[in-house]
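Take a look at the structure below.
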């Protein structure tokens, strides 16, 4: 039973001593390393309930994203969680969107309910099990990207969305990605590495074909638009920029990169430099942290201010 698994997890967390959750370690260094002496735990695993008609899934945080999407795919559904390995809880704690965020939506919007273990070792619930949830404080948005510093995620309810009947990746050398975004109607992704542009088109066959024809209006080099099996391999580090800043990227600072046009995320081979946090924002973050974890025992050594540049 999911409730039993959560209670057992809460008992492991306890009410004292530094503690952190260890998933698949795909983003282990994000926001800093756990402080020495931190006790590492595993979140419970398993898909509790999938309601295709409600477009929701209830899943324990230690479940791998790949396993979740395999199960949902059998019912023709998926989530906004990124396809980069790791666990459900880890993906939410880091808050990284999928490279097809234009089509799948943002991770922050996918989380409907979170059940977490507090610094006192208690199971706490935030949010609700339905898409139209407006009651209480919006803890779900607060927990996405919190790196487990406010509470240790144990179980979540996620919004699902249908898998489109047709999915096509196209690539072209020398194509202006911003022109692509202008002519294509709601592409799932427009990605650019400084030389090559990738476009992910999804929908019904007639709509995808119409979008392919629209892309002929974008000047390209080489062999024009060619179909490929998947999008580009993403470098390991994530930069968060304003979408308008993608027009003037600094390749020397980024190294090899893949930019998500229309979103503002850049995946780069070079790690982003630390950016000073405004005093008012730092004070607010410290107040929130103290309210949830006054003793500083949850994921010590990690700081949300280090999550993005």
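The values are calculated or read from the model by the stated rules, or taken from the named source; none is laboratory data. What you are looking at is a predicted structure, and each value in this text was computed from that prediction instead of being measured. Methodologically, a virtual Cβ is constructed for each residue, glycine included, from the backbone with ideal geometry; neighbour enumeration extends over all protein chains shown.
This table checks each residue for (1) out of contact with any strand residue (DSSP E or B) (no Cβ under 8 Å at 6 or more places or on another chain); (2) outside any helix (DSSP H, G or I); (3) not assigned by TED's automatic domain parsing to the domain that holds residue 97.
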| residue | (1), (2), (3) |
| --- | --- |
| 182 | yes, no, yes |
| 187 | no, yes, yes |
| 191 | no, yes, yes |
| 200 | no, yes, yes |
| 208 | no, no, yes |
| 211 | no, no, yes |
| 214 | yes, no, yes |
| 221 | no, yes, yes |
| 227 | no, yes, yes |
Considering only strands (runs of 3 or more DSSP E) wholly within the stretch 26-117, the ones with at least 3 residues that are in contact with a helix residue (DSSP H, G or I) (Cβ under 6 Å, 6 or more places away or on another chain) and over 30 Å from residue 296 (Cβ atoms) are none
Of the residues in the stretch 250-261, those that are part of a loop (DSSP other than H, G, I, E, B) and surrounded by fewer than 18 Cβ atoms within 10 Å (Cβ to Cβ) number 3
Residues (within 21 Å of residue 81 (Cα to Cα), in contact with a helix residue (DSSP H, G or I) (Cβ under 9 Å, 6 or more places away or on another chain) and surrounded by fewer than 16 Cβ atoms within 10 Å (Cβ to Cβ)) located in the stretch 162-210: 163, 165, 166, 167, 186
Find the residue count for the stretch 101-118, including only residues that are touching a residue at least 60 places away in the same chain (Cβ under 8 Å) and buried (at least 24 other Cβ atoms within 10 Å of the Cβ). 1
For the stretch 6-35, how many residues are without any contact (Cβ under 8 Å) to a residue 60 or more places away in the chain and more than 20 Å from the chain's Cα centre (by Cα)? 2
Can you tell me which residue in the stretch 44-66 is surrounded by the fewest Cβ atoms within 10 Å (Cβ to Cβ), limited to those that are within 18 Å of the chain's Cα centre (by Cα) and closer than 19 Å to residue 152 by Cα? 64
